[in-house]
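For reference, the structure discussed in these notes is given below.
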Amino acid sequence: MKDIIITQDTVFEPGQILNARIIIRASGITIDGNGAALVGHGKPGDRSTYETAGAGILAEGCSNVTLKNIKASGFETGLVLKDCVGWVVENCDFSNNYTNPDFGWGELPARGGIVLVGVKASIFRGCKANNVWDGVNLTNCSDNEFVENDFSHCSNVCAKLWTSCRNRFIRNNLSYGLRIDRSIGEVHARDSAGVLIESGSNDNYFYGNDITYGGDGVFIRVLNGWISTGNVFIENDTSYGNNNCVESWSPRNVFIRNKANHGSYGFWMGGSDQTVLIGNECAFNGMEEEHQNAPVTEDIGFAGIIFLGGSGSHTIIEGNYCHDNNGSGIVLQGDVRSGKRNIHHVIIQKNRLERNKKPYYIECADWVFIEQNESKDNLGEPVIRDVTRAIESKSGISAACAPVAKITGPDIARVGQQVVFDASASFDPSGCDLSFEWELDEAVYNTPRVIHTFKRPGFHRVGLTVTNGSLSALAWRDLVVADESFEEIGTEYQSADWKLEADGTGNVILTDDTEAIIGRYCLKLTTEKYNGEKVGLSYPVPNGELDISGKNKLVFWIRVLTPDIPVENADNGAIKIRLISENGAIVFSIPAYTLCFGIYSEARWTWSRIEIPIESGTDLWKREVIGKPDTKHVNALSFEINKSGTTSFTAWLDGLKFE
């Protein structure tokens, strides 16, 4: 196949058909295809020919290029841009490249219509990519705009974002991101979706897009524990999702005036703390003649909005229209099996709940405000079961809008030191008087400004509800309370004292970092393109020995960020800690997923304080004795990380001590 190298402004002859591909090697140029078509050697029906066909158009490191009016089909990918800035791509067609509706669960390399890696500040307008694997696939891309494109009918995802931030999707067709074989009775759609967002893809904006008929409509996935936050969805249609119209496992995203109808569930929110749902329509979900995938229980049925399977703290559900669902309009259910009320601090107000089996179903939850909801023609009564502090407004006041809650205060505090949180800047648009309710641990305050002293180190939720007597607003702080100052073991500007052990190639770097919890520094371990299975850190004790015989537990703080996929309950490797003496060692091990993300929901994005009893194992930590360890003469500590993947990860370690 011929390579056409372009280094200057180029206009093709109208309607040319070329068995060629284009490689762009210049910046500041315009390429007008004039209706020309590039045709690769991919043959319909022979998928392998597409896999080896490469890119129809390729550019790397080029800036300020305009590409328009050209087609590319028969390739692995129609357009591939790497490390490009300031592009305008318009009226191009990248349809009929690699697709694979027969592929099972899992991932394939980025391919299909458009693949973007490290692309910034570019515009894609009026383009097409149909009958492909991914319509557009973004990795490490930021500040791009996609307007009125047709990326529909994809066998994987219409728009996929991986560590891609501040991108805007306006009025695109992202429908039929779907991979399923209903002829054999297949129920789930193998994680295909209209929009898939994961691995730190933050602050993206979706307005007025058609995201219908996907496996899921929108899927914010967090398989690797790396959350995606600050994404805003306004007036999109996500209806007819095979599984869920919207599925999210990530906190701090906003959904306003979207349609989520005719799926199995409208909004399935698991682990979606600090979420805002306002003015959405959720209707006809779980209908017998349509989709009924992943039913929960007969009592709950399907639902318009459901928080289940993960935490749901500090969340607002306001002004939604949930009607004609084959189940409840709104469902909140904590961890019934364990009794853990991980649905905590939720406002449900001004929702219209009509013609559902039940208006709402709330179970195993805490601190739930239920105010000014309109319930009409539902088959059954609402269910509130095992809920502490279910607060239903008894006021005769009927305010038109909710107040605004604002909170100031620290994100890190110290044990035994006073902390001030202030909500005095909160206000009511109608001028109504406000009342306040705080929860700090189990302490409750009712003043705008509170002073509190925390007695226990670790993670603490701080919650605030502000009400005008009719409607409420909330705010929160994810607070880390650090130990009192102490002499750390190896984690206070001591990276040079540790020894690195790696069994593969790639960059493994240990540095001192100022994002510390204890003292001024913590350890930061970074691996880049590391292909080994293990990374080890060993700290030789100064003077050769450390007496821990009088100590009860090992304590440290940890935070992890990884693009690997350590799926919960899968074999994802382990983290091992060894206390080494001359004639033996005590070894503690834990699955990597459990240590990094499985302790509580907020551990996915903040520090975790870990305590390990020295003389016994726990439900989480397995203890093993090798040889004859001497706790009076420990001469080294080691951490070993068995990775689940071959990409990069970053881990922070701080506050290492015995107590």
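Take the conditions assigned to a loop (DSSP other than H, G, I, E, B), touching a residue at least 12 places away in the same chain (Cβ under 8 Å) and in contact with a strand residue (DSSP E or B) (Cβ under 7 Å, 6 or more places away or on another chain) and apply them to Pro410. Does it pass?
Yes: the conditions hold for Pro410.
Can you name every residue in region 28-53 that is surrounded by fewer than 17 Cβ atoms within 10 Å (Cβ to Cβ) and assigned to a loop (DSSP other than H, G, I, E, B)?
Gly28, His41, Pro44, Gly45, Thr52
Identify, from the list Glu148, Glu198, the residue that is out of contact with any Phe, Trp or Tyr (no Cβ under 7 Å at 6 or more places or on another chain) and of a type in the set (Asp, Glu).
Glu148 is the lone residue from the list that is out of contact with any Phe, Trp or Tyr (no Cβ under 7 Å at 6 or more places or on another chain) and of a type in the set (Asp, Glu).
So in region 623-651, with the set limited to residues that are under 21 Å from Val535 (Cα atoms) and assigned to a loop (DSSP other than H, G, I, E, B), which one is modelled with the highest pLDDT?
Checked region 623-651; the qualifying residue modelled with the highest pLDDT is Ser648.
What about Asn507, is it among the polar types (S, T, N, Q), in contact with an Asp or Glu (Cβ under 8 Å, 6 or more places away or on another chain) and within 22 Å of Asn224 (Cβ to Cβ)?
So Asn507 fits the description; yes.
With respect to Gly463, determine if the residue is over 31 Å from the mean Cα position of the chain (by Cα) and not assigned by TED's automatic domain parsing to the domain that holds Ala516.
Spelling it out, it is not the case that Gly463 is over 31 Å from the mean Cα position of the chain (by Cα) and not assigned by TED's automatic domain parsing to the domain that holds Ala516.
Quick one: in region 584-622, of everything that is modelled with pLDDT of 95 or more and over 24 Å from Phe459 (Cα atoms), which residue is farthest from the chain's Cα centre (by Cα)?
In this case the residue turns out to be Gly584.
Taking Arg385 and the conditions (1) under 28 Å from the mean Cα position of the chain (by Cα); (2) basic (Lys, Arg); (3) closer than 26 Å to Glu354 by Cα, which numbered condition does it fall short on, given that it satisfies the others?
(1)
Go through region 173-200 and report how many residues are buried (at least 21 other Cβ atoms within 10 Å of the Cβ) and either of a type in the set (Val, Ile, Thr) or free of Cβ contacts under 8 Å to residues at least 24 places away in the same chain (or both).
Number satisfying all stated conditions: 2.
Just need a number here: residues in region 348-367 that are of a type outside the set (S, T, N, Q) and surrounded by fewer than 24 Cβ atoms within 10 Å (Cβ to Cβ).
10
Right, Val65: surrounded by fewer than 21 Cβ atoms within 10 Å (Cβ to Cβ) and not aromatic (Phe, Trp, Tyr) or not?
no
Considering only residues that are outside any strand (DSSP E or B) and touching a Ser or Thr at 6+ places or on another chain (Cβ under 9 Å), which ones fall in region 126-150?
If the condition is that a residue be outside any strand (DSSP E or B) and touching a Ser or Thr at 6+ places or on another chain (Cβ under 9 Å), then Ala129, Asn130, Asn131, Asn140, Cys141, Asp143, Asn144 are the ones that fit.
Between Ala443, Ala473, which is at pLDDT below 95 and small (Gly, Ala, Ser)?
It is Ala443.
Results for (1) more than 18 Å from Asn242 (Cβ to Cβ); (2) among the small types (Gly, Ala, Ser), shown as yes or no for each residue.
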| position | (1), (2) |
| --- | --- |
| Val132 | yes, no |
| Val136 | yes, no |
| Phe146 | yes, no |
| Ala159 | no, yes |
| Leu174 | no, no |
| His188 | no, no |
| Gly200 | yes, yes |
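Of everything in region 268-322 that's at pLDDT 95 or above and of a type in the set (Val, Ile, Thr), which residue is surrounded by the fewest Cβ atoms within 10 Å (Cβ to Cβ)?
This residue is Val276.
The values are calculated or read from the model by the stated rules, or taken from the named source; none is laboratory data. Note that the structure is a prediction, hence the values are computed from the model and not measured. All Cβ positions, even for glycine, are placed from backbone atoms using ideal geometry, and neighbour counts span all protein chains on display.
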